[in-house]
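Take a look at the structure set out below.
Just so you know, all these numbers are worked out from the coordinates, no wet-lab data involved. What you see is a predicted model; the values in this text were computed from it and never measured. Glycine also receives a Cβ, built like all others from the backbone with ideal geometry; neighbour counts cover every protein chain displayed.
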Amino acid sequence: MEAFTTHEGLCATLSRDDVDTDQIIPKQFLKRTDRGDYGDAGFFAWRYDDAGHPRPDFELNDPVFQGASILITGRNFGCGSSREHAVWALLGMGFRAVIAPSFADIFTVNSLQNGLLPVELPALLVAQLSARAKSPGGHRLTVDLPAQQVRDGSGLSADFVVDPFWKKCLLSGRDPIAMALSQEEAIAEFEGSRPDWRPVTTGEGLFS
Amino acid sequence: MEMDADEQIESPVRYPGGDGPKTAYRKIWESHLVSQESASRALLYIDLHLVHEVTSPQAFSGLREARRSVRRPDLTLAVMDHTVPTWERSRPTPDPVAAEQLRQLGENCVAAGIPLLDMHHRRQGIVHVIGPELGLTQPGMTIVCGDSHTSTHGAFGALAFGIGTSEVEQVLATQCLWQAPAETLEIRVDGELPVGVTAKDMALAIIGKVGVAGAQGTMVEYRGSAIRALSMEGRLTVCNLTIEAGARGGLVSADETTVRYLEGRPASPKGGEFDRAAETWLSLATDDGAAFDRTVVLDAAQLVPHVTWGTNPAMVAEVTGRVPRLGDLGTEAERQQTARALEYMGLTEGTAIEDIWIDRVFIGSCTNSRLEDLRAAAAIARGGRVHPKVRAMVVPGSQSVKRAAEAEGLDRVFTDAGFEWREAGCSMCLGMNPDVLAPGERCASTSNRNFEGRQGAGGRTHLVSPSMAAAAALHGHFVDVRKLEPALAGAVG
């Protein structure tokens, strides 16, 4: 998986609560079968008008946010559908970290799997960071995963919590699948002890 | 495993729930524990992995790139549901991109030996409808799928939750997932549901009370006499909507209703083995006196039909109520969010719910497309006529549901009243097939999400129960089904 250690970059804000994954990437882009660049599809309906031109009133289209790699947003970001395409779209747009008061559970795991760091900070602090991000020249932040800290150049610093399992994975780029495969003996032993009446999908006459 | 010595034992190991009497969640957790990476991170075994066309292609290609194989095709079932047309299946799928995605699912399943219910199979249907009806969903199992509504299967006392494509790849490769214990949330509904009020209304009321993020980080257990009184279909609806309050999943401990439902299903144990399995299932129910981290209580007798008015499922009102007035809201953030939702929905603040007129009706989705749902809708539709300005469609959850409904003549009830009767699939719940709303169209829908654009770019969704949807189809606007007495006598399952 994609490693994450320390990232420094420009902030962008999306000042809304409960942004669902249907907004982050609408359904019409879920028919593709590749893991390529979904950046153009990100926030599609909010970002472009019917003619395909950027909507000037959509926050992320603000020129001050162009080139941003840290998204600051509202609570419960990424709620709804489990589509990992939402994370691929955010990465495609150039984001490496998202800062919010809270994140939806499936979105959190999808982000971590792809090296997009979800950073949970208290709502008041997020509001403060959001205000700074909107200052005319833009605002830059450092997200320091080893120290579990967000910092800016003007003395602001805030600690955040990250699950130790995912911290290890992100710092080393360690693959959760390889980690599970390394447990082959334990998995095989577990399989040997499963009740044999548990259903299988290959049973005869199951689909007749 | 690569572990640092100091990380190996951060005692004590964490399990879901406290010590003492155990929750069903904890029992399932303990019986699926393969290994413990650290105090809070465990490797859990997955009993059933459901796969569909939309969230699996990148998982299969990831496996190929890493030269890994599918560990347990016999614990995996694939189905085509999200993008399949519901109208005409004898011709090629009209959308070439969707057709290619469907083709890849077929190819991946053949290569890995995974059973596939393609769109022409007589058992095809929505992934969360076919698991239960085949008897593959059983109490005490761990069930995952690359779909957030996997929580549906919790109705059987299973630990079931949605995952993303990376975790789909992990389960294909290892049949296991790394998990941390979630907090436990008890949602207790006691009392008796009034006539005309359904499991859907109960679930919408719960989401309205808890909030769209209120159950974040939790595993829910639904308890209380009103939950016990629900049929399996009703429990499936309630568990299905758990994700809309932000929870990882939700379950109902197995009881006699669960056991009765499973008897004679194709994948259920047979003969004496069934009785022994049933004993095990019942023993996995939450123990008396088990502690939960949090509890929310509702009184079923106070519930009424619910209708969502906004752009997330917690933006919901009683059918007798009104769309909120901005001035009545407590915070500036709430006012802004509500104002944005009302603008998108094309609604004026303070509008009575029954004064909202609709253009479309969708009866279907993994939330409400089972036989009981179709019976409830048909009881309202029987002998009536869809309002001339409304286009209404009924999409059964599976081909089996469709056949059973046709055997009862429900298809004729619907078509005689002017509803379209379709083939099984996810359809207009998420509009990945040709079934979509046009911009600005307003729909009474029995599905699960009213997010912006969910049923089609610019479309406006109001979530309701099947009987409320059918009533709206006939009247052209929302009506309180409790007023439609004789029809109701047969409508309540």
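Sorted into 5 angstrom bins from 0, the C-alpha pair distances of region A:1-85 split as 3, 12, 19, 24, 23, 14, 3, 1 percent. Each of A:H53, A:N76, A:S154 was placed along the dipole of region A:45-166 (beta-carbon charges, centred on the mean Cα), and the one lying farthest toward the positive end is A:S154. The calculated pair-distance distribution of the protein assembly as shown uses every alpha carbon pair, bins of 20 angstrom beginning at 0, and gives 19, 55, 25, 1 percent. With a Cα cut-off of under 24 Å and a minimum spacing of 8 residues unless on different chains, the lysine pairs in the protein assembly as shown number 4. Taking amide hydrogens as placed 1.01 Å from N in the peptide plane, the amide H of B:T461 sits under 5 Å from those of B:C443, each at least 5 positions away in sequence or on another chain.
The separation of region B:104-135 from region B:195-230, counted between C-alpha centres, amounts to 30 Å. A simple charge model with +1 on the Cβ of Lys and Arg, -1 on the Cβ of Asp and Glu and nothing else charged puts the dipole of chain B at about 1160 debye relative to its Cα centre. Under 14 Å from a label point set 7 Å out along the Cα-to-Cβ vector of B:E406, the amide N atoms of region B:67-108 belong to B:87-90. Each Lys and Arg Cβ is given +1 and each Asp and Glu Cβ -1; about its Cα centre, the protein assembly as shown then shows a dipole of about 1260 debye. When both region A:1-44 and region B:448-479 are represented by their alpha-carbon centers, they are found 28 Å apart.
As a check on your grasp of the helix formula, calculate [θ] at 222 nm for chain B: sum -39500 (n - 2.57) over DSSP H runs of n ≥ 4, divide by the residue count, round to the nearest 500.
Values: 16 runs with 151 residues, N = 493.
Helix-only estimate at 222 nm: -9000 deg cm²/dmol.
Computed on chain A, with alpha-carbon pairs under 8 angstrom and 6+ residues apart, the relative contact order is 25 percent.
Under a point-charge model restricted to the Cβ atoms of Lys and Arg (+1) and Asp and Glu (-1), what is the dipole moment magnitude of region B:101-171 relative to its Cα centre, in debye to the nearest 20? Write out the running numbers ahead of the final one.
On the way: 3 positive and 6 negative charges, 43 e Å.
In total the dipole reaches around 200 debye.
Helix by helix through chain B, keep the DSSP H runs that span 18 Å or more along the axis on Cα and average at least -0.5 on Kyte-Doolittle, and give those back in order.
Working: long enough: B:96-112 (24 Å, 0.10); B:332-345 (19 Å, -1.24).
Long hydrophobic helices here: B:96-112.
What FRET efficiency comes out for the pair A:E185/B:S40, r = Cβ-Cβ distance, R0 = 25 Å, nearest 0.05? Working shown, then result.
Values: r = 22 Å, r/R0 = 0.90.
My answer for the efficiency is 0.65.
For region A:1-109, run through the GluC sites (Glu not before Pro) and keep only the ones in DSSP coil with at most 14 other Cβ atoms within 10 Å of their Cβ.
On the way: sites: A:E2, A:E8, A:E59, A:E84; in loops: A:E2, A:E84.
Filter output for region A:1-109: A:E2.
With Cα atoms as the point set, the radius of gyration and Dmax of chain A evaluate to 20.1, 69 Å. Note on chain B: percent of Cα-Cα distances in each 10 Å bin, starting at 0 and stopping at the bin with the largest distance, equals 4, 20, 30, 27, 15, 4, 0, 0. Under 19 Å from a point 7 Å along the Cα-to-Cβ line of A:Q148: which residues of region A:52-91 have their amide N that close? What the label zone holds, given the 19 Å backbone N cut-off, is no residue at all.
Suppose a student asked you for the relative contact order of region B:180-320, using Cα pairs under 8 Å spaced at least 6 residues apart; what percent would you report?
Values: 240 pairs, mean separation 53.7, N = 141.
Computed value for region B:180-320: 38 percent relative contact order.
Considering the options B:A205, B:G224, B:A39, tell which one lies farthest towards the positive end of the dipole of the protein assembly as shown, charges being +1 on Lys and Arg and -1 on Asp and Glu at the Cβ, about the Cα centre. Most positive-ward Cα: B:A205. Approximating the spin labels as points 7 Å out from Cα along Cα→Cβ, the B:E107-to-A:V161 distance works out to 4.6 nm.
For A:A97, nonlocal amide neighbours, meaning residues 5 or more places apart or on other chains whose placed amide H falls under 5 Å from its own, are A:L71, A:L117. May I ask you to derive the FRET efficiency for B:Y344 and A:S15 from their Cβ-Cβ distance with R0 = 22 Å, giving the value to the nearest 0.05? After rounding to 0.05, the efficiency reads 0.85. Other residues lying with their Cβ under 9 Å from the Cβ of B:G217 contribute a combined charge of -1, Lys and Arg counting +1, Asp and Glu -1. Taken along its principal axes, the alpha carbon cloud of region B:324-409 reaches lengths of 54, 28, 17 Å, longest axis first. Coupling constants for region B:31-40 follow from the phi torsions by the Karplus curve (6.51 cos²θ - 1.76 cosθ + 1.60, θ = phi - 60°), and in residue order they are 7, 10, 6, 8, 7, 10, 7, 7, 4, 10 Hz; glycine and proline get x.
What whole-number distance in Å separates the alpha-carbon centres of region B:421-440 and region B:343-397? Rounded to whole Å, the Cα centres lie 14 Å apart. What net charge do the residues around B:M432 carry, taking every other residue with its C-beta under 10 Å from that of B:M432, with Lys and Arg at +1 and Asp and Glu at -1? Taking every other residue near B:M432 into account, the sum is -2.
Pairs of Cα atoms nearer than 8 Å and 6+ residues apart set the relative contact order; for region A:95-208 it is 16 percent. Report the net charge of residues surrounding B:Q179, where surrounding means a beta-carbon distance below 12 angstrom and charges are Lys +1, Arg +1, Asp -1, Glu -1. Here the charged neighbours net out to -1.
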